[in-house]
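No lab work stands behind these numbers, since they all come straight from the coordinates. Bear in mind the structure is a predicted one, so any value in this text is a computation, not a measurement. With ideal geometry, Cβ positions are generated from the backbone for all residues, glycine too; neighbour counts draw on all protein chains shown.
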Amino acid sequence: MSKSTVGGYAGKILRVDLTRERISEETLDEATLRKWVGGVGFGAKYLYEEVSPRVKWDSPGNRLIVASGPLGGTRVGGSGTISISAKGCLTNGATSTQANGFMGAYMKFAGYDAVIFKGKAKRWVYLYMHDGTAELRDAQHLVGKNTWETEDMIKAELGYNERGMSVFGIGPAGENLVKFAGIFGDKDHAAGHNGIGAVMGAKKLKAFCAARGRGSVPVKDSGQLLPAVEAIWKGLESDPTTKAVLDWGTGGTYEAGEQRVTAGTLPVKNYLTTLYPEARVMTCQYTREHWNAKPNPCWACRSHHCHMITITDGPYRGLTVEEPEYEMFAAWGSLVGNTDPAEALVLSNLLTLLGLEGNEAGFLMSMLIELYEKGVLTKKDTDGLELTWGNTAAMRTLLERIAYREGAFAKLLGEGTVRAAKALGKEAQDCGIYALKGHSPRGHDHRGMWREMFDTVTSDIGTYESGYWGPPDPDVPGLRHRFAPDEVSTHIAKSKGRRQFEDALGTCVFCTRVPLQLVVNAFNAVTGWDFTPKEAQDVGFRAANALRAFNIRHGVSVELERPSPRWSSTPVDGPAKGISVEPHWDSMLDNYYSLMGWDRKTGKPFPETLKSLGLENIAADLWK
Amino acid sequence: MSTGKVRVEIRPWLSDGLSPNGSGAVVLEEQIEKGATVSGLLTRLAAEHKALGKVLFEPDGRQLNGEVCIVVDGRLLQLPGELDKGLKDGTTITLLPVIDGG
């Protein structure tokens, strides 16, 4: 690949063999770059090509692929995002999980479009990227440190200030191979799904970091890029839904909090009810009006989304935490019966420090509380903890025990909600909220939001992977009737690829939630290519098909494409009372598979589907 | 001839173009006639309040925007055909935007 012919790329893929502690570099030709682009595209390519079905999630042969994209480090908003891909440990299938912040920009300034880790180090190490080179450094002194301590210590020992370096790493949960450990960095950002932090811990890789340095990203047509960037921001700000996130984060305003209850999408007490009068205090408007809020924007982001909050009253006075996303307000507020926003902030931050993914932890906790409240679990089972609704002290203690694998109960819970439910028995399996594939959903009551439930269950990455939630887009069909089975499954199928394309770019989806043509305009300006929206969506559809093929080969069965009984239960109150998704599930899958060009019985993409995407090799593997 | 009255609560930010101070929920009390439906009422309101029409309907002005939640007497209304169900005196319709997560 020549830097002079293609814009947007640093030009190198870094290969790190942790077993031998050897580092090498490679390049990709332009045809391969056009085919996979970056981010999740690179993840799909390298996972399929290099991780065979014999490889387990904690084998040295698993890959941890950290990838930016061609827009990473440019003027496009939020272009500091990374996609991290691997064979994950909750599903034993693929994962691709994104984190915002600065790494996606800084690693490119340092000279790298992606880093691919393989092997297992003999000692704890971290990777340091800077000025066109990379080195592995000893990390033994960082073992046991939480994610913020890790970040601060690495910056201090390498001589960088807060914004001079991006650091992502694992906490005690990842070190102890908790199956819902995540990778956390830049104080406020997480790549959390499918146990990606445990994959990193299994490699004895504590962190990776990149210096801001003096590098820059080549842009083919700056004259076209600037108006394209402005058009994207104008699109975001002109749509009230996207503007609301730009202004108030995903936690939103008081009205947004209450409106989630009115719309039946707030998860309350393990789905036992949908009613939660305290919704308005579990919002960003509450935290910003009551405490000190300091903006903490990502690379090139103009929004007022991310903040750091210093609590100024009560028992946590003086504590600075990251402002939670909506999903963490939900997980540590309504889902577990907590009505104190300060406690929700502290719990959310504790997860970050320990390195635990919050959605899985939240649904695990709500299941346990229901079992305890019903007397199925007792203090003897919980090693003395009273797991009752709103008992946040007990929750904090349990989360720490899980991260450090202390005690038999916590050790079991570290296997994730699905495995824990199976071990705890039928009552747990009846009330647990999870996809049968092995992971919890994100923090909503999806009985009022079928599209995300269906997307999550049919996804191949351990979390949802599709759908479009922006202003009307002529190139990507929206969803009009949220409880129409055919419309929901059609929407997920027809929009497949759009989200994956965004996740291949190195950008934050909250900054690209506009008609696809506007994003493609910026992409073409940076790269010098001439993509159409169809070609862009095909990049994403290709990644989705490659990840599906990976999962099929690794034994993730289509029989598992169902929600757990509680997840698909019928609400007993609230606006979605009596509305049930379960009777429609099979017909939704039938429709989805037909539209995706996949075999309903085996889950395999048909040969013609794969060949239309240039995946002849995958067709030959799956259909021999 | 009016056969009743329906209360329409329009929540932020759908209400932004209607509220006198630019923000906050807006409540309309609307007279209805025999045979009035949800879709008919919303079409009428969109014609009377252009700002509301822009957020309720797709650019073609015919299809309701899928990013709007419609709640009738506390129940979500989003199945095809339900929009053409009849309204009765005393009904409350709440319009609110779809809010996703993150």
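Neighbours of A:V526, meaning other residues whose beta-carbon lies under 11 angstrom from its beta-carbon, give a summed charge of +1 when Lys and Arg score +1 and Asp and Glu score -1.
Where the only charges are on Cβ atoms (+1 Lys, Arg; -1 Asp, Glu), what is the dipole of the protein assembly as shown about its Cα centre, to the nearest 20 debye?
So the dipole magnitude of the protein assembly as shown works out to roughly 1580 debye.
What shape does chain A have by the C-alpha gyration tensor, where a ≥ b ≥ c are the square roots of the eigenvalues, rounded means a/c under 1.5, and otherwise prolate means a/b greater than b/c and oblate the rest? In terms of gyration-tensor shape, rounded.
Given the Cα-Cα distance of A:R396 and A:D475 and 0.36 nm per residue of separation, how much length would full extension add, in nm?
Length gained, A:R396 through A:D475: 23.9 nm.
For A:K577, give me every one of the aspartates and glutamates with a C-alpha distance below 15 angstrom, ignoring sequence neighbours fewer than eight places off in its own chain. List returned: A:D445, B:D73. Projecting the Cα positions of A:G11, A:N391, B:G90 onto the charge dipole of the protein assembly as shown (unit charges on Cβ atoms of Lys, Arg, Asp and Glu, taken about the Cα centre) puts A:G11 furthest along the positive direction. For the protein assembly as shown, the 222 nm mean residue ellipticity estimated from helices alone, with every DSSP H stretch of n ≥ 4 adding -39500 (n - 2.57) and the total spread over all residues, rounds to -10500 deg cm²/dmol.
Computed from Cα atoms, the angle from the helix B:38-48 axis to the main principal axis of chain B rounds to 60 degrees.
If you take every residue apart from B:R11 with its C-beta less than 9 Å away from the C-beta of B:R11, what net charge results, scoring Lys and Arg +1 and Asp and Glu -1? Cβ neighbours under 9 Å give a net charge of -3. Relative contact order of chain A, taken over Cα pairs closer than 8 Å and 6 or more residues apart, is 17 percent. By the combined test of axial Cα extent (at least 15 Å) and Kyte-Doolittle hydropathy (mean at least 1.0), the qualifying DSSP H helices of chain A come to A:341-354, A:516-527. Which net charge results for the neighbourhood of A:K411, defined as the other residues with beta-carbon distances under 12 angstrom from its beta-carbon, given Lys and Arg at +1 and Asp and Glu at -1? Local net charge: +1.
Prolate is the label for region A:260-415, because a/c, from the alpha-carbon gyration tensor with a ≥ b ≥ c as root eigenvalues, is 1.5 or above and a/b exceeds b/c.
Within straight cross-link reach of A:K243, meaning Cα distance under 28 Å, which lysines are found once same-chain residues fewer than 8 apart are removed? Within the straight-line limit of under 28 Å, A:K243 reaches these lysines: A:K187, A:K234, A:K294, A:K494, A:K496, A:K534, B:K50, B:K54.
When the listed pairs A:K118/A:K604; A:K220/A:K437; A:K56/A:K269; A:K56/A:K604; A:K206/A:K437; A:K204/A:K611 are checked against a 32 Å cut-off, the alpha-carbon distance exceeds it for A:K220/A:K437; A:K56/A:K269; A:K204/A:K611. For region A:108-134 and region B:63-90, what is the separation of their C-alpha centers, rounded to whole Å? Taking the Cα centre of each part, region A:108-134 and region B:63-90 sit 54 Å apart. Each part gets one Cα centre, and for region A:483-497 versus region A:186-245 those centres are 27 Å apart.
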